[in-house]
1. Which residue is farthest from L322 (Cα to Cα), if the candidates are limited to the stretch 340-354 and must be in a helix (DSSP H, G or I) and in contact (Cβ under 8 Å) with a residue 40 or more places away in the chain?
2. (1) open to solvent by less than 20 Å² (accessible area, probe 1.4 Å); (2) within 16 Å of ligand 2 (Cβ to nearest atom); (3) more than 18 Å from P352 (Cα to Cα); (4) not in a helix (DSSP H, G or I): which one isn't true of F330, the others all being true?
3. For the stretch 164-174, which residues satisfy the criterion of being more than 7 Å from ligand 2 (Cβ to nearest atom) and open to solvent by less than 10 Å² (accessible area, probe 1.4 Å)?
4. For Y208, all conditions in the list (1) touching a Ser or Thr at 6+ places or on another chain (Cβ under 6 Å); (2) closer than 28 Å to E56 by Cα hold save one; what is the number of the exception?
5. Is it true that E186 is more than 16 Å from ligand 1 (Cβ to nearest atom), farther than 30 Å from A316 by Cα and surrounded by fewer than 16 Cβ atoms within 10 Å (Cβ to Cβ)?
6. Among the residues in the stretch 285-296, are any open to solvent by 20 Å² or more (accessible area, probe 1.4 Å), over 24 Å from S220 (Cβ atoms), touching a Phe, Trp or Tyr at 6+ places or on another chain (Cβ under 9 Å) and outside the structural domain of Y162 (by TED's automatic domain parsing)?
7. Please go through the stretch 18-48 and give me each residue that is part of a helix (DSSP H, G or I) and either touching a residue at least 40 places away in the same chain (Cβ under 8 Å) or open to solvent by less than 70 Å² (accessible area, probe 1.4 Å) (or both), ordered by number.
8. Restricting attention to the stretch 189-200, report how many residues are closer than 18 Å to R403 by Cβ, open to solvent by 10 Å² or more (accessible area, probe 1.4 Å) and either free of Cβ contacts under 8 Å to residues at least 60 places away in the same chain or hydrophobic (A, V, I, L, M, F, W, C) (or both).
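The values are calculated or read from the model by the stated rules, or taken from the named source; none is laboratory data. Quick caveat, the model's predicted, so the values are computed rather than measured. Ideal geometry is used to build each Cβ from the backbone, glycine not excepted, and the neighbour counts take in all protein chains shown. Just the protein is used for accessible areas: all its heavy atoms, side chains included, with ligands, DNA and RNA removed. Shrake-Rupley method; radii C 1.70, N 1.55, O 1.52, S 1.80 Å.
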Amino acid sequence: MDNLRFYIQTFGCQMNDHDSAVLARLLEEQGHLEVETAEGADVILLNTCAIRERAEQKVYSQLGRYRFLKEKRPEIVLGVGGCVAQGEGRKVLRRAPYVDLVFGTRTLHRVPELVEAVRSGRRQVVATALDDDPVALATLYAHAAGRGPRAYVTVMQGCDNYCAYCVVPYVRGRELSRPADELVEEVRRLAAEGVVEVTLLGQNVNSYGQKPPGEVDFPSLLRHVAAVDGIRRVRFTTSHPKDLSDDLIRAFAEVPGVMPHIHLPVQSGADRVLTAMNRRYTVAHYLGLVERLRRLRPDIALTSDLIVGFPGETDAEFEATLALMEQVVFDGLFSFKYSLRPGTRAAELTDPVPEAVKEERLARLQRLQGEHSLRRNRAMEGQVFSVLVEGGSKVGDGQVMGRTPQNKIVNFAGEVAWRAREVPVRVTAAAVNSSRGEAVGPAG
Ligand code: 5AD
Ligand code: SF4
């Protein structure tokens with residue numbers, strides 16, 4: 001096969017980021033070369049996101065732009081993969097007939113071969129089977145690599161929760177956990193390559209090890225991963241409040257290396273809405289979890305996801321969401337206007353919230369969160385944190401950037417040679433999204 005220049009454009013979440021990185025390594029292994037722009041590429045691949053309508057629209061408008069490139073150079077292979085491709089399948093070709101290749105969320109390992117099929121036959125190829133293929137998974141993620149000191153590790157695929165608004169179970173398939181020994185081996189290899197921090201990824205890591213039933217549950221997996229030589233920091237995302245066990249909460253206090261940050265999406269502060277969303281917990285349950293987490297690990301940072309304007313959400317229910325925010329005071333929050341996803345259960349609900357109301361609610365919520373983020377970050381001022389240096393900082397020369405155990409970004413005067421090392425840093429000035437600090441000791 002020729003050596004090709006390939007360009008991957010990624011939309012969406014950390015899972016997609018990681019999948020794209022793994023796909024890039026896989027293609028490089030076959031002798032191809034990753035390039036930074038679509039213009040000079042022989043192969044253009046889009047790894048897409050379908051979580052909200054707007055994400056999906058972005059994919060099609062981007063494809064419209066690549067169409068011109070293809071008109072100039074018809075030999076380019078244009079491929080669409082990931083969640084939109086999985087959901088739409090062949091329909092992608094109807095909307096964008098100039099696309100050559102459609103691959104899904106579980107056929108990434110076949111991309112090199114599929115590109116070759118397109119090139120040799122010049123016909124359109126669609127490969128969107130959603131089979132559970134643990135061997136294919138293992139071969140794919142054998143190509144996982146760190147980005148400097150940090151790496152992602154996909155511990156499970158798919159989701160079986162069927163939250164009423166969410167397209168993920170349809171486009172990422174059934175929940176499937178990878179074997180623990182394979183994961184620990186992957187972490188060992190990453191550590192040997194210089195990685196000191198791993199983030200374990202899954203749509204709902206709390207149910208790790210259940211499908212297929214394994215000997216190791218998530219808290220034990222954490223213990224195994226944290227025990228790997230060279231791994232100093234372990235993070236994970238995402239947790240579902242209905243499955244967050246006491247054992248896992250205790251891991252924050254008991255397992256050295258597990259970082260004091262949890263992303264625990266709450267979605268709404270009103271019980272009726274939570275039920276309609278099929279979230280299967282109450283506000284009281286959520287607040288109980290927050291209380292236990294903070295009791296066992298007082299320095300823990302808490303972030304969350306919230307949706308405004310779920311069908312039928314009343315003013316009072318929205319106020320309940322703001323009240324929940326006031327009670328918890330999150331360190332950070334991702335908030336979204338509800339977006340109808342065809343095929344989901346919520347798509348059948350008939351009581352839509354007008355767009356203008358959604359916008360107003362979102363703006364109010366984000367204003368409140370801005371205050372809360374700042375309040376949380378200001379509380380760091382004067383304190384010393386161990387900051388893992390990631391590299392040079394955007395804020396200026398001579399500054400480096402890193403993260404505290406709570407995953408907060410701090411910029412401070414330092415040397416890029418400190419990359420991958422932990423430095424004690426006193427926070428001097430906090431802002432909403434990052435803080436300034438000064439090193440108060442040597443890099444460890
Ligand atoms: N509309 C708006 N937000 C959504 N999310 C998932 N599906 C939708 C949707 N249809 C949000 C949830 C989830 C995050 C990843 O995206 O808050 O936690
Ligand atoms: Fe979507 Fe719910 Fe699964 Fe998260 S847990 S991916 S919100 S269905």
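1. Going residue by residue through the stretch 340-354, those that are in a helix (DSSP H, G or I) are 345-348.
Cutting the leftovers down to in contact (Cβ under 8 Å) with a residue 40 or more places away in the chain gives us 345-346.
Values: R345: 26, A346: 23 Å.
Step by step, filter the stretch 340-354, then rank; the result is R345.
2. Among (1) open to solvent by less than 20 Å² (accessible area, probe 1.4 Å); (2) within 16 Å of ligand 2 (Cβ to nearest atom); (3) more than 18 Å from P352 (Cα to Cα); (4) not in a helix (DSSP H, G or I), F330 violates only (2).
3. Narrowing the stretch 164-174 to residues more than 7 Å from ligand 2 (Cβ to nearest atom): 164-165, 167, 170-174.
Within the stretch 164-174, A164, V171, G173 meet the criteria.
4. Tallying (1) touching a Ser or Thr at 6+ places or on another chain (Cβ under 6 Å); (2) closer than 28 Å to E56 by Cα, Y208 fails exactly one: (2).
5. Details: more than 16 Å from ligand 1 (Cβ to nearest atom): yes; farther than 30 Å from A316 by Cα: yes; surrounded by fewer than 16 Cβ atoms within 10 Å (Cβ to Cβ): no.
Taking the combined requirement at face value, the residue does not satisfy it.
6. Taking every residue of the stretch 285-296 in turn, none turns out to be open to solvent by 20 Å² or more (accessible area, probe 1.4 Å), over 24 Å from S220 (Cβ atoms), touching a Phe, Trp or Tyr at 6+ places or on another chain (Cβ under 9 Å) and outside the structural domain of Y162 (by TED's automatic domain parsing).
7. So in the stretch 18-48, the residues part of a helix (DSSP H, G or I) come out as 18-29.
Selection gives H18, D19, S20, A21, V22, L23, A24, R25, L26, L27, E29.
8. 1
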